[in-house]
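Since the structure comes first, as structure tokens, the remarks are kept for the end.
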Amino acid sequence: MRARVTVYPRREILDPQGKAIHQALERIGFAGVRDVRAGKSFEIELDGGDAAAAERLLAEMSEKLLVNPVVEDYTVELLPGEPS
Amino acid sequence: MKCGVVVFPGSNCDHDVYHVLKHVLDQDAIFLWHQDEDLRDCELIVLPGGFSYGDYLRSGAVAAHSPVMAAVRRHAEAGGLVLGICNGFQILLEAGLLPGALRPNASLRFVCRDVHLRVERDDLPFTVGYRKGEVVRIPIAHADGNYQDRDEALDALEAAGQVVFRYVDAAGELADSANPNGSARAIAGVVNSGGNVLGMMPHPERCAEDILGNTDGLALFSGLVGAAAAQLGAGVA
């Protein structure tokens, strides 16, 4: 089972990296960018193929280590297929 | 007072803190290793600055789950003194022993310079050596020192008097130009509700000896030593 956990700063929290990237996009000519949040993602391979169990485990991993819930939000996606 | 300085892989201010406690203040100081599960009867635990575990994931996030931190948590919950400086502050937040979080500096730069701090409380073991409202000059050196939390959490923190140090100008006034990292409400250091766990970004151990040209940080450590001795005296009497 493969999964991706995406972590990004909460909307109400100042995100200096996202702000700098936003400004850089405008500087090189991309108009109309409303907001940029800079986060990170983790690709995780798990033993077993039970989707519900995997989602529970990934949520627990996120809450315990991958995410700081004070300032970050996250999403979990299960990915199709085997790793290449 | 028996003091334990925790060494994580990547700590780099451990010897500075040890030196102040052991050689400047003549205390019984030892190093504790991140894999230790026993604090060996230390009354004060210091989590020093550095880049524990390379600051991978988030500053302090991996260290917060190391074996020694389970013992530090028990020590803190039993009312024991814990001081986290810089990376140590980041570890205490990631461990949930203090509220809030430290984000990358608003400037996105590593900032290394002296700052002015206003001492907001002088009734804690960490600050009995200062007077409330006193302005001290202490160096900072960090990339992730931007203290943030939800507005209602910040309001609660202020109402409970848990903000201990704030970045100010030399006159002791709040100013954007005096806030080196974008911290909400210019917060430089906070204490837990029990008053026994303090986290701060500035480095008092780097200004605690005449030879360093600044001794503004010494009162934090000497105050702690005095407070611990007074507590012991009261316990005996």
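The values are calculated or read from the model by the stated rules, or taken from the named source; none is laboratory data. Keep in mind that what you see is a predicted model, and the values were worked out from it rather than measured. Note that each Cβ is placed from the backbone with ideal geometry, even for glycine, and that neighbours are counted across all protein chains shown.
The condition (being under 29 Å from residue A:38 (Cα atoms), away from every other protein chain (no Cβ under 14 Å) and under 16 Å from the mean Cα position of the chain (by Cα)) is satisfied by just one residue among B:60, B:54, B:49: B:49. Against the criterion of being aliphatic (A, V, I, L, M), out of contact with any helix residue (DSSP H, G or I) (no Cβ under 7 Å at 6 or more places or on another chain) and in contact (Cβ under 8 Å) with a residue 12 or more places away in the chain, residue B:186 qualifies. For the range B:201-213, check the following and say yes or no: at least one residue is in contact (Cβ under 8 Å) with a residue 60 or more places away in the chain, more than 17 Å from residue B:19 (Cβ to Cβ), crowded, with 22+ Cβ neighbours inside 10 Å and not polar (S, T, N, Q). Yes, the range B:201-213 has at least one match. Considering only residues that are within 10 Å of chain B (Cβ to nearest Cβ) and either on the phi > 0 side of the Ramachandran plot or surrounded by 15 or more Cβ atoms within 10 Å (Cβ to Cβ) (or both), which ones fall in the range A:22-43? Hits for the range A:22-43 are A:38, A:42. When the range B:115-139 is filtered for residues that are farther than 16 Å from residue B:178 by Cβ and in contact with an Asp or Glu (Cβ under 9 Å, 6 or more places away or on another chain), the ones remaining, listed by number, are B:122, B:127, B:128, B:129, B:130, B:131, B:132. Among the residues of the range B:14-37, the one identified as touching a helix residue (DSSP H, G or I) at 6+ places or on another chain (Cβ under 6 Å), within 16 Å of residue B:209 (Cα to Cα) and of a type in the set (Asp, Glu) is B:16. Exactly one residue out of B:218, B:232 is of a type in the set (A, V, I, L, M, F, W, C) and modelled with pLDDT of 95 or more, and it is B:218.
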